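Presented below is the structure to which this report refers.
The values are calculated or read from the model by the stated rules, or taken from the named source; none is laboratory data. Fair warning: this is a prediction, and the values are worked out from it, not measured in the lab. Because the Cβ atoms are built from the backbone with ideal geometry, glycine has one as well, and the counts that use them run over all protein chains shown. Remember, those area values only see protein heavy atoms, side chains included, never the ligands or the DNA or RNA. Shrake-Rupley method; radii C 1.70, N 1.55, O 1.52, S 1.80 Å.
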Amino acid sequence: MISPVDFVHDLLNPDLAFLPKALLMAVLSSVVCGVVGTHVVLRGMAFIGDAVAHAVFPGLAIAFVLQGSLVLGGAIAGITTALLVALFAQNRRLREDSVIGVFFVAAFALGIVIISTAPGYAGSLQDFLFGSIVGIPDENVLIAVIVGLVLMAVLFASHKELVAVSLDRESARALGLPVLRLDLLLYVVVAAAIVISVQTIGNVLVLALLVTPAAAARLLTDRLGPMMLLGPTIGGGSALVGLYLSWSLDLPVGGTIVLVATAVFLLAWLFAPRHGVLTRALVRRESQPARAVPAGSS
């Protein structure tokens, strides 16, 4: 296993130009997903995050076959599918989760069919599903940075409204907030965050970037502001440590990043100041009154 100093030297090595690019993409996508994931966790919509990850796949596949922009292709597919879900979900005979299950799984199946028409699709399919640190074009890095900054600006501008809908949809509707439009906005933001992340961590594992850092932050604080800072911090730190371990031990980068984030979540679950399992057990033990010692006993 190489030392952190050697890892820094590798990052600065011109012959390993893909490595700092992979680090930038991993940290960027983890930070963006950490912020977006706060809303995903607040709403309890992990299923929707997983579904959107499936929905962007046909757009990625079409862009790959046509040698176009993966980011643009995935964004178009995700947005289109989100609009279809919002439209069909207006029929109260069907629950929203049923509509999501139909369209997003169908979109993923369509992506598999499309990419199978490309020569050498097996290796490309593996990169889409599990990520790759060596195959990210420079133009995709620039697009990802721009999209990430735009997403942060959109979330900042609509922060109060999105939080109001996340905490109480009926009260938000009674206050006159456009709940449907805010739902669509969040779907689009989730889709865009997934698109810029899937190249590094893969379509299968990208849900972990949305949920795990934000869930760990939820255990560590009861306040929304600190949670929205802790989520991307945990995500970015997991990306940095995960890439270092991946490069040092020759492990898959996406899986390593996810395992590091999961380890942080488990530590928070055990030792969080107020909500950690062991912390609460220790507090209960210390708060129990000492049993009285019978008179005359030694």
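List of remarks:
- Rolling a 1.4 Å probe over the protein heavy atoms gives segment 1-111 an accessible area of 47 Å² per residue.
- Summed over the residues of segment 168-298 and divided among them, the accessible surface reaches 53 Å² per residue at a probe radius of 1.4 Å.
- Largest GNM mean-square fluctuation among T200, T233, T279, using the chain with Cα springs under 10 Å: T279.
- DSSP H segments from the chain that extend 24 Å or more along their own axis, Cα-based, with Kyte-Doolittle mean of -1.0 or above: 18-43, 70-88, 96-115, 138-157, 179-201, 224-249, 253-271
- The chain - mean residue ellipticity at 222 nm from DSSP helices (-39,500 (n - 2.57) per run, n ≥ 4, rounded to 500): -25500 deg cm²/dmol
- Expressed in Å, the radius of gyration and Dmax of the Cα atoms of segment 4-94 are 18.1, 60.
- The chain: C-alpha gyration tensor shape, a/c 1.5 cut-off, then a/b vs b/c: oblate
- Ordering of 44-57, 141-154, 27-40 by packing [mean C-beta count within 10 Å, highest first]: 27-40, 44-57, 141-154
- Once the Cα-Cα distance is subtracted from the 0.36 nm per residue extended length, the S116 to V150 segment shows a gain of 9.0 nm.
- Overall Cα dimensions of segment 165-225 - principal axes, largest extent first, Å: 41, 28, 16
- Rolling a 1.4 Å probe over the protein heavy atoms of segment 182-227, with every protein chain left in place, gives an accessible area that is 66 percent carbon and sulfur.
- Net length gained if the chain between L83 and E286 were fully extended (0.36 nm per residue, minus Cα distance): 67.7 nm
- Listed peptides 267-273, 226-232 appear in the order 226-232, 267-273 once ranked by packing, highest mean of other Cβ atoms within 10 Å at the front.
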